[in-house]
Amino acid sequence: MRADARAGFVAAVLIIWAAQICGAAPADKTESARAWERTAAQYLDSREVWWQGWDHANRDHGTKCVSCHTQATYALARPLIHRDLGETTLSAGEKAMLADVEKRVRNWDTMLPFYSDEKYGEGKEVESRNAESVLNAVILASYDQGKPQLSDQARMAFDHAWALQSKTGPDSGAWVWQNFNYAPWESKESQYHWAALMAMAVGRAPGGYAGDPKVAASLALLRSYLRSHYETQPLLNKVVALWASAADSNLLSRPQQQDLGAVLATRQHSDGGWSLTDLGTWERRDKTPLETRSDGYTTALIVLALEESGADEKPDTRGTISDVVKRGGEWLIANQDKETGSWPAWSVNKNRDPQSDAGLFMTDAATAYAVLALQNFKR
């Protein structure tokens, strides 16, 4: 790990240690039973601290770019860690991230797109503006889970996203997504991927937001897009749609869930994990071979989707989904790095140095999703 990343990790550990000393005791959990979760939180917090200090993430008005792999996945997992461990305060990294997102949401009309057409090519302003609107909504709604009502900031973020949603054309219901040919976050496949996560965010939003008449037409369009485009998606996107279906039962039929469960059972490795290489037609820019080992990102996402959706196989397939989930969960338990608290994952775009800051992007997502997958897994 580079010196600046190591320093960020140490700082984050000290922040969490201080919060624990100040009295945030685990709720109905022993220290030893959740040691794995504490070390995962330390890793995730350290990466958010690093992101906040990374010059490349700087944007206008003193804000930061919102990353799909490091910040959005962090925002999905970190609130649940707080509740699981009985933590009563946000980490310094979370506070900075949320303040940044809320600032951009409040001042939406004066904020510049993350990427300009002039510097990055025609269409990048629209792409980045659309993507940011969805990411902001997903992040803020995640922190509202468990509350009686959706916060004003999250509602405003949803409003911005609905205003940019495509209303006509073959992709009506989705958002024009940022495409730098970096799968799975910023590529042609990402449009469906994040539309599904948007549906999940809406479905989980408190206060009956999904039933608000003001968003009914937009939500109907989104559901229609996800259903009509499902069959043509790479397997990875189908898994994300399955996960989203746990929050919105209008997305996938039972036969579709059963078919997907059967396919995922056949793709499971003998060690119990899955590899991202097997879930799409990826090709690295540097033409190096794709990593075929089981990885934390794909394994956690599949375990999570199967757990929460309750999907099962057709009767004539071998094994059961509960067996598949059990083996996947056991892989996650066995493959956490006990020193850093993270789970391994690798880029399908480049053969990156796994110890470099960019080389940890997939590890960031893997660790966040592994925490989510293991929340309800019987260890």
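The values are calculated or read from the model by the stated rules, or taken from the named source; none is laboratory data. What you are looking at is a predicted structure, and each value in this text was computed from that prediction instead of being measured. Using ideal geometry, Cβ is built from the backbone for each residue, glycine included, and neighbour counts are taken over all protein chains shown. These area figures cover heavy atoms from the full protein model, side chains too; ligands, DNA and RNA do not enter into them. Shrake-Rupley method; radii C 1.70, N 1.55, O 1.52, S 1.80 Å.
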Those residues of segment 195-209 that are within 14 Å of R155 (Cβ to Cβ) and open to solvent by less than 40 Å² (accessible area, probe 1.4 Å) come to a total of 5
Cβ-Cβ under 8 Å, sequence separation 6+ or interchain: first residue in segment 74-86 and free of Cβ contacts under 8 Å to residues at least 24 places away in the same chain, partner of a type in the set (V, I, T). Which pairs?
H82/T88
All but one of (1) within 26 Å of L260 (Cα to Cα); (2) open to solvent by less than 20 Å² (accessible area, probe 1.4 Å); (3) of a type in the set (D, E, K, R) hold for E308; state the number of the condition that does not hold.
(2)
Considering residues that are over 15 Å from A241 (Cα atoms) and β-branched (V, I, T), the number found within segment 185-221 is 1
Can you find a residue in segment 201-209 that is touching a Gly at 6+ places or on another chain (Cβ under 9 Å) and under 25 Å from K124 (Cα atoms)?
no
Across segment 268-289, which residue is most open to solvent (accessible area, probe 1.4 Å) among those that are small (G, A, S) and farther than 21 Å from W194 by Cα?
S270
How many of the residues making up segment 98-144 are under 13 Å from H160 (Cα atoms) and among the acidic types (D, E)?
3
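The rows are residues; the columns are (1) part of a helix (DSSP H, G or I); (2) over 22 Å from S166 (Cα atoms); (3) acidic (D, E).
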{"residue": "Y192", "(1), (2), (3)": "yes, no, no"}
{"residue": "A196", "(1), (2), (3)": "yes, no, no"}
{"residue": "K214", "(1), (2), (3)": "yes, no, no"}
{"residue": "S218", "(1), (2), (3)": "yes, no, no"}
{"residue": "T266", "(1), (2), (3)": "yes, yes, no"}
{"residue": "H269", "(1), (2), (3)": "no, yes, no"}
{"residue": "E307", "(1), (2), (3)": "yes, yes, yes"}
Here are K188, K167: which of them is surrounded by fewer than 19 Cβ atoms within 10 Å (Cβ to Cβ), among the basic types (K, R) and within 21 Å of D117 (Cβ to Cβ)?
K188
Kindly establish whether A262 is modelled with pLDDT under 95 and either under 16 Å from A373 (Cβ atoms) or out of contact with any strand residue (DSSP E or B) (no Cβ under 8 Å at 6 or more places or on another chain) (or both).
yes
Among (1) in a helix (DSSP H, G or I); (2) buried (at least 23 other Cβ atoms within 10 Å of the Cβ), where does R227 come up short?
(2)
Evaluate the following for M156: is it open to solvent by 20 Å² or more (accessible area, probe 1.4 Å) and assigned to a helix (DSSP H, G or I)?
yes
For the list (1) assigned to a helix (DSSP H, G or I); (2) over 27 Å from A210 (Cβ atoms); (3) touching a residue at least 24 places away in the same chain (Cβ under 8 Å), I need the number of the one condition that L112 fails.
(1)
For G261: the one exception among (1) open to solvent by 10 Å² or more (accessible area, probe 1.4 Å); (2) within 15 Å of G328 (Cα to Cα); (3) not in a loop (DSSP other than H, G, I, E, B)
(1)
Mind checking which residues of segment 328-379 are of a type in the set (D, E, K, R) and surrounded by fewer than 15 Cβ atoms within 10 Å (Cβ to Cβ)?
K338, E339, K350, D353, K378, R379
Among (1) at positive phi; (2) open to solvent by 20 Å² or more (accessible area, probe 1.4 Å), which single condition is T292 missing?
(1)
Just wondering, is there one or more residues in segment 238-245 that are among the polar types (S, T, N, Q) and surrounded by fewer than 23 Cβ atoms within 10 Å (Cβ to Cβ)?
no
